[in-house]
1. Among the strands (runs of 3 or more DSSP E) contained in the range 65-152, which hold 2 or more residues that are more than 17 Å from the chain's Cα centre (by Cα)?
2. Can you spot a residue in the range 55-63 that is farther than 13 Å from Gly6 by Cα and free of Cβ contacts under 8 Å to residues at least 60 places away in the same chain?
3. Given the condition among the basic types (Lys, Arg) and out of contact with any strand residue (DSSP E or B) (no Cβ under 8 Å at 6 or more places or on another chain), answer yes or no: does some residue in the range 57-66 qualify?
4. Taking into account only those residues within the range 1-25 that are farther than 24 Å from Lys140 by Cα and in contact (Cβ under 8 Å) with a residue 12 or more places away in the chain, which is most open to solvent (accessible area, probe 1.4 Å)?
5. Residue by residue through the range 26-37, note down the ones that are in contact (Cβ under 8 Å) with a residue 12 or more places away in the chain and open to solvent by less than 50 Å² (accessible area, probe 1.4 Å).
6. Based on this model, can you work out whether Leu186 counts as at pLDDT below 95 and of a type in the set (A, V, I, L, M)?
7. Tell me yes or no: at least one residue of the range 38-53 is within 18 Å of Val143 (Cα to Cα), within 17 Å of the chain's Cα centre (by Cα) and either open to solvent by less than 80 Å² (accessible area, probe 1.4 Å) or among the hydrophobic types (A, V, I, L, M, F, W, C) (or both).
8. Any residue that is at pLDDT 90 or above, within 15 Å of the chain's Cα centre (by Cα) and within 25 Å of Asp40 (Cα to Cα) - is there at least one of those in the range 197-205?
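The values are calculated or read from the model by the stated rules, or taken from the named source; none is laboratory data. For clarity, every value in this text was computed on a predicted model and none was experimentally measured. Glycine gets a Cβ as well: all are built from the backbone with ideal geometry, and neighbour counts include every protein chain shown. Each accessible area value is taken on the protein alone, full model and side chains, heavy atoms only, with ligands, DNA and RNA left out. Shrake-Rupley method; radii C 1.70, N 1.55, O 1.52, S 1.80 Å.
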Amino acid sequence: GVHALGQAAHFDLPGDISAANLPAALNANLPGDIRVYRADEMPPDFDARRHTRGKLYRYRIHNARILDVFSRRYTWHVNYRLDSDAMQAAAAHLVGEHDFSSFQAADCAAANAVRHVYMASVTCTGDEIIFEIFATAFLKQMVRNIVGTLEMAGRGKITPDEMTRIMAAGRRDAARLTAPAHGLTLVKVFYDDDPPPPDLEQFIPDSSSAVL
């Protein structure tokens, strides 16, 4: 149920079709909810998942009494008022290198749960609360579990400073709520040649400092 504006993948392609012709060839055979915008020939050892500099995710909450039928597939509808300032204060504790075991799925296969979060922000525009997070890598369901905890801070079930206690616990049951999948979008995967957008430039690590 998660969406992607800028997903990336790699594969080995036998034959002589050019990278320039691949998007049209693939799009002619793909269903209507996915499109290939670009294809490049990469070195044989390139790995789309392991060679990233980081990923940017966005989670949208529609915070209003009545469901917005036009955004229902892309936002989590929460019909009680959330305190976005409290959510931002809680999100601030995520920045830095931490063990995120409390936010990984129970069946996550990662060798370790240490990740470096460079940016975590909560903004509010009208009835929509947007959470954005940039990190070098993510654990399975990490963002959705974080958003579930931020929602608890937004409705006053926990204080923003309790985010530190939840992270320190290192247990999945310390952060109980998992936000629905359909509110989450992978915005972009960053590689060495990708310039960061101006509002993220200060957060994007260079390739020598990235923890993959």
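1. So the answer is 76-78, 114-125.
2. No - not one qualifying residue is present in the range 55-63.
3. Checked against the condition, which is being among the basic types (Lys, Arg) and out of contact with any strand residue (DSSP E or B) (no Cβ under 8 Å at 6 or more places or on another chain), the range 57-66 yields at least one hit.
4. The selected residue is Ala20.
5. Matches in the range 26-37: Val36 only.
6. no
7. yes
8. Checked the range 197-205: no residue is at pLDDT 90 or above, within 15 Å of the chain's Cα centre (by Cα) and within 25 Å of Asp40 (Cα to Cα).
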